[in-house]
1. Please list R422, R510 from largest to smallest accessible area, probe radius 1.4 Å, with all protein chains kept in place.
2. Quick one: grab the alpha carbon gyration tensor of the range 57-162, order the square roots of its eigenvalues as a ≥ b ≥ c, and give me rounded if a/c is under 1.5, else prolate or oblate depending on whether a/b is larger than b/c.
3. Tell me the mean residue ellipticity at 222 nm calculated for the chain from its helices only (DSSP H runs of n ≥ 4, each -39500 (n - 2.57), averaged over every residue, nearest 500).
4. Placing unit charges on C-beta atoms (Lys and Arg positive, Asp and Glu negative, everything else neutral), compute the dipole magnitude of the range 279-418 about its Cα centre in debye, rounded to 20.
5. Provide the FRET efficiency to the nearest 0.05 for the Q535-D85 pair, computing r from the beta carbons and using R0 = 35 Å.
6. Take T244, T38, T518 and sort them by solvent-accessible surface of the protein heavy atoms, 1.4 Å probe, largest at the top.
7. Report, in listed order, any pair from K8/K45; K51/K122; K45/K153; K45/K179; K110/K533 with a Cα-Cα distance greater than 22 Å.
8. Per 0.36 nm of contour for each residue apart, how much would the distance between D248 and K9 grow if the chain were fully extended, relative to their Cα-Cα spacing?
Amino acid sequence: DFCQAEGKKRPSENLGQVLFGERIEPSPYRFTFNKKETCKSVCTKTYDTTKPEDKQKLDFLKKSMLLNYQHHWIVDNMPVTWCYDVEDGQRFCNPGFPIGCYITEDGRPKDACVINSEFHEKDTFYIFNHVDIKIYYHVVENEALGARLVAAKLEPKSYKHTHPDNPDCTGVPMDISNKASGAVKIAYTYSVTFHEEKSIRWASRWDYILESMPHTHIQWFSIMNSLVIVLFLSGMVAMIMLRTLHKDIARYNQMDSTEDAQEEFGWKLVHGDIFRPPRKGMLLSVFLGSGTQILIMTFVTLFFACLGFLSPANRGALMTCAVVLWVLLGTPAGYVAARFYKSFGGEKWKTNVLLTSFLCPGIVFADFFIMNLILWGEGSSAAIPFGTLVAILALWFCISVPLTFIGAYFGFKKNAIEHPVRTNQIPRQIPEQSFYTKPLPGIIMGGILPFGCIFIQLFFILNSIWSHQMYYMFGFLFLVFIILVITCSEATVLLCYFHLCAEDYHWQWRSFLTSGFTAVYFLIYAIHYFFSKLQITGTASTILYFGYTMIMVLIFFLFTG
């Protein structure tokens, strides 16, 4: 219940912003360039606590101050930041500022109340009803005369205006006692000053926000950490391949003439069973198709992000790019699924195509739709309008599905993948397996290494989704992505080799699940993050958190697998 802008049109958002729940509203704060304003009134809100609807609005304000809700303002596509000093003499620039703050019953200031010693009344809310806005500009030389906005900063203040119609912005802070009754009057005001800033170029105006984000050194440490894992794995894979395979092949070449060729051992014994089609081959081929689609989508999105097309300045660009790419990449999904299904000797090609186009996207969409219903039921502005839902469905049914069919058509037209050895008629018996070559322990071990590579990045990504910090380290993320791909492949190759040496030839599902199990660790980490980092209360919010997490986990499972 803040001041509203009368009769101004709402700016329109792109697909990515709508999906992420960003809505931009017009503002009642009016500036004219280089015109200084001091203590200008915007509007006054009066709450009569004897009326139930007024009391409800006031209670909502109190609740949002208690939970440290933030205002996010935009000027010329720049976030208006609130910069304050933190320890070690660094300045932190927050792209939002709190509505207000609360002093507890035993006189402890919470959150933003520490900024002013005048906030000392116990069990009292202080609302930031005045803002001092400083706008920094850079006069453009050598072109047609004009100025560019390079930064916008503000200081939130709290004043109890004695004459709301003619405010003077001095005096005591605006306090709302928790037990107060009667009428509460809140007058909203602002001051704005303009400063010329010669040192900041327009192109680098985002830097001051990003510089105040900590943690770049942790990143390098985690990258080194991951690289060591990768080198270690690559070394192991290379050694095993070179030593054993070289030895075995040399031995085979010697034995051509003699009759010792009967005594086979290790993985040689299963050559007649190695290409036996897996159980549930249909599902595996569908997963492989969807996984390919997600893999290429992630690669291209991150590649563009590295080149700087998807910076935080283009709001919602990242999500838009990912969705559009995912829709256009139906063809590789259909093709891969069809190729594998055909090589597994499958006959039901229609079912295969339909499952590829509808199974995984369908699960994601259903989950998304349920989350949207909850948001809509809670009356949240993040609920996606019906028009957008129809648009997404249209993208899926009219573009993605036909493309999948085209891919599948080419996949089924090509000859099945030729196997180098014939499959025996009778399946061989699998000997008793030791503990670590049994399917489950192998799969659980396989997920640990890839997860070790990414979990520091995960922390920052989850922060950017749930705690509204900006994520801009796409260079790091691209590196980590490449490392993750290598680690997943190598860990799987290694474990697969050990299993074949133990004469267990059911390798197809196991190799998919070995790296796919990373997603389970991701889920465990997300649960840990929920309980340790987020103070989320309320059923709806919890369901939303886990609903969106499940979508991420499924996508990640298909991608790693």
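The values are calculated or read from the model by the stated rules, or taken from the named source; none is laboratory data. These figures come from a predicted structure and were not determined experimentally. Cβ sites come from the backbone with ideal geometry, for glycine too, and all protein chains shown count toward neighbours. Each accessible area value is taken on the protein alone, full model and side chains, heavy atoms only, with ligands, DNA and RNA left out. Shrake-Rupley method; radii C 1.70, N 1.55, O 1.52, S 1.80 Å.
1. Working: R422 205, R510 20 Å².
Ranking R422, R510 by accessible area, largest first, yields R422, R510.
2. Working: a/c = 2.76, a/b = 2.14, b/c = 1.29.
Prolate, because a/c is 1.5 or more and a/b exceeds b/c.
3. -16000 deg cm²/dmol
4. Values: 9 positive and 4 negative charges, 103 e Å.
Computed about the Cα centre, the dipole is about 500 debye.
5. On the way: r = 25 Å, r/R0 = 0.70.
After rounding to 0.05, the efficiency reads 0.90.
6. Working: T244 40, T38 105, T518 0 Å².
Greatest to least solvent exposure: T38, T244, T518.
7. Working: K8/K45 20 Å; K51/K122 25 Å; K45/K153 25 Å; K45/K179 19 Å; K110/K533 17 Å.
Check vs 22 Å cut-off fails for K51/K122; K45/K153.
8. Extra length available between D248 and K9 comes to 78.6 nm.
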